[in-house]
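Everything on this sheet refers to the single structure shown next.
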Amino acid sequence: MKRLLRPLCLFACCGFTGAVAAETLAPAINWVAPLFTKDNFRSMTVRGARASFPANNEVAVLDLSLTVFSGDATSKVETVILASTATFLPRESLARGETGVRVIRDDLEAAGDHWSYHHAQKKVSLTGRVRIVFNAEFTNLLK
């Protein structure tokens, strides 16, 4: 009987702790979430001054700094995304926000509102008050 009771108690306790709602988690200060490729190279690092967890697969971040790396041995920084407030969805590797964002790359710098970043596609979408400055040379643009 004791043999059966022990695993049952352990299962009940684990089930209870797993059922704790995300809202009850305290906010994280100076939060950092590094993500890696299957080959253990840096893929992306998400940082925030404060992160709260309003839902199971959602992180509300203040002062977001998202750094996208090449994902290989060079660990080259490809893109930096800065936003005052954002939502990060870890399972989808998706970040989005309604307030201003700044996107910095070697070849361009962009700013706007209502934005999203899809890491699988390495795609940034800006849909409000967009401003882009290209740092690349355009040849034969007006031909």
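FYI, it's all coordinate maths here, none of it is from the lab. All values derive from a computational prediction rather than experimental measurement. Note that each Cβ is placed from the backbone with ideal geometry, even for glycine, and that neighbours are counted across all protein chains shown.
Observations on the model:
- The amide H of Gly71, built 1.01 Å from its N in the peptide plane, has Lys76 as neighbours under 5 Å, considering only residues 5 or more places off or on other chains.
- Distance from the Cα centroid of the range 64-133 to that of the range 30-62 is 13 Å (rounded to whole angstrom).
- The Ala28 and Glu98 beta-carbon pair, evaluated with R₀ = 22 Å, returns a calculated FRET efficiency of approximately 0.50.
- Counting only Cβ charges, +1 for Lys and Arg and -1 for Asp and Glu, the dipole size of the range 22-134 around its Cα centre is about 80 debye.
- Cα shape, the range 22-134, gyration tensor, a/c 1.5 rule: oblate
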